[in-house]
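Notes follow once the structure below has been shown.
The values are calculated or read from the model by the stated rules, or taken from the named source; none is laboratory data. Please read these numbers as outputs of a predicted model, since none were measured by experiment. Here Cβ is always computed from backbone atoms with ideal geometry, including for glycine, and neighbour counts include all displayed protein chains.
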Amino acid sequence: MSVAIGIDLGTTNTVIAAVQNGRAVTLPDENGDKLLPSLVSFHPSGSVLVGAPAVERRLVDAENTIFSVKRLIGRNWSSQEVQQARTRFPFDLVEGAKESVLVRARGETYALPEISAFVLRRAKALAERALNDEVTHAVITVPANFNDLQRASTKVAGKLAGLEILRILNEPTAAALAYGQLMGKSERIAIYDLGGGTFDITVLDLSGAVFEVLATGGDSALGGDDIDSLIADRMADAFIRAHRFDARTNRESMGRLRIYAERLKCVLSHETIATVTLEGVAEGTGGRPLSLDFTMDREELRRSPGRCSGAPSRWRAPR
Ligand SMILES: Nc1ncnc2c1ncn2[C@@H]1O[C@H](COP(=O)(O)OP(=O)(O)OP(=O)(O)O)[C@@H](O)[C@H]1O
Ligand SMILES: [Mg+2]
């Protein structure tokens, strides 16, 4: 028998679900983990690491460890998102045919759907292990504001991973379906989603089995990644003050600061103040490693003026 799975292919994390006994359940990996980090790392040995093993490579091999592909998939080379990513990401982006975007790692170039396909292939294998069955079909969710090219590119990634894509579903619609299934109510609801790449809101009318998307809007440059970048900027300022080294001049250094920034941000979700030691960012005279203890409290994080892209935009009518 072959089965279908649902895949939330996130900017930061991917989650896999299947319907068992009439209910959708999320599937764990062999360690019981239900979040598959959407990271792909090209190891010097030639192997391709996906998920948690790739996260570990971010600190030691940033230029060959690819993340946040969802921010760029289906976008033109000249778009603002791609040009901004070129300055922010520690790995190389190069222009492909017809203004497409390629990733360069270990001397090879990859189209963005090829990178996402590595994550989806891992998702398929993980599901097959959890379900003890062959998985051939999938539904993949995407942000409500994804355009046709972004949706088509996501579908290509699924096909490359050996999956027949039954449907590309809007993320808030998927959330509403789960809510409707669980609650069985008729009402108007708002769905907020603060993810790695995007903060968005969608208003839906739920009525029994029928749901209608009334409006959707948001900011695709206001996710957890963007909060990390703001904190990393503060860390870079502190590094200049302490050591007169500007981490912004080195993509690897900024990449490391962003990893430290995410750790600090997560600690501030349960502590009111947190300190992280910034190591491996730069070397001083004679190759002496420079480090710095950086402290931030939750109030500062709350008050920080963001560089978000302005007023929330009203997105195109969702399908
Ligand atoms: N404890 C925590 N405190 C603060 N932020 C956290 C915490 N745990 C995770 N995050 C942040 O949540 C973000 C990832 O959220 P999520 O997994 O929903 O994103 P995603 O689905 O991959 O992204 P998107 O939906 O935008 O494509 C990351 O930026 C991560 O740093
Ligand atoms: Mg998400």
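Below is a table of values for the structure above.
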| item | result |
| --- | --- |
| Selection count, the stretch 89-103, where residues are in contact (Cβ under 8 Å) with a residue 12 or more places away in the chain, surrounded by fewer than 18 Cβ atoms within 10 Å (Cβ to Cβ), at negative phi and not in a loop (DSSP other than H, G, I, E, B) | 3 |
| The lone exception for Ile73 - which of (1) in contact with a strand residue (DSSP E or B) (Cβ under 7 Å, 6 or more places away or on another chain); (2) buried (at least 22 other Cβ atoms within 10 Å of the Cβ); (3) part of a loop (DSSP other than H, G, I, E, B) it fails | (1) |
| Counted residues, the stretch 56-96 - those being farther than 16 Å from Arg251 by Cα and modelled with pLDDT under 95 | 4 |
| Subset tally (residues that are in contact with a Leu (Cβ under 9 Å, 6 or more places away or on another chain), among the charged types (D, E, K, R) and surrounded by fewer than 16 Cβ atoms within 10 Å (Cβ to Cβ)) for the stretch 264-294 | 3 |
| Pairs where the first residue, in the stretch 62-75, is assigned by TED's automatic domain parsing to the domain that holds Asp8 and the second is part of a loop (DSSP other than H, G, I, E, B) and aromatic (Phe, Trp, Tyr), C-beta under 8 Å, 6+ apart | Ala62/Phe91; Glu63/Phe91; Asn64/Phe91; Thr65/Phe91; Ile66/Phe91; Phe67/Phe89; Ser68/Phe89; Gly74/Phe146 |
| Tally, over the stretch 159-190, of residues that are away from ligand 2 (no atom under 16 Å from the Cβ), within 17 Å of Val19 (Cβ to Cβ), modelled with pLDDT under 90 and surrounded by fewer than 17 Cβ atoms within 10 Å (Cβ to Cβ) | 3 |
| Qualifying positions in the stretch 208-218 - modelled with pLDDT of 80 or more and surrounded by fewer than 19 Cβ atoms within 10 Å (Cβ to Cβ) | Glu212, Val213, Leu214, Ala215, Gly217 |
| Selection count, the stretch 18-39, where residues are touching a Lys or Arg at 6+ places or on another chain (Cβ under 9 Å) and surrounded by 13 or more Cβ atoms within 10 Å (Cβ to Cβ) | 7 |
| Residue match in the stretch 34-49 (condition: aliphatic (A, V, I, L, M), in contact with a Phe, Trp or Tyr (Cβ under 8 Å, 6 or more places away or on another chain) and part of a helix (DSSP H, G or I)) | no |
| In the stretch 9-20, the residues that are within 13 Å of Arg122 (Cα to Cα) and touching a residue at least 60 places away in the same chain (Cβ under 8 Å) | Leu9, Asn13, Thr14, Ile16 |
| Matching option when the condition is within 16 Å of ligand 2 (Cβ to nearest atom) and either buried (at least 19 other Cβ atoms within 10 Å of the Cβ) or among the charged types (D, E, K, R) (or both), among Asp205, Asp237, Asp246, Asp228 | Asp228 |
| Wholly within the stretch 199-307, helices (runs of 4 or more DSSP H) carrying at least 1 residues that are among the charged types (D, E, K, R) and touching a residue at least 60 places away in the same chain (Cβ under 8 Å) | 224-243, 251-267 |
| Lone qualifier among Thr154, Thr109 - being free of Cβ contacts under 8 Å to residues at least 60 places away in the same chain, among the hydroxyl-bearing types (Ser, Thr, Tyr) and either surrounded by fewer than 17 Cβ atoms within 10 Å (Cβ to Cβ) or outside any strand (DSSP E or B) (or both) | Thr109 |
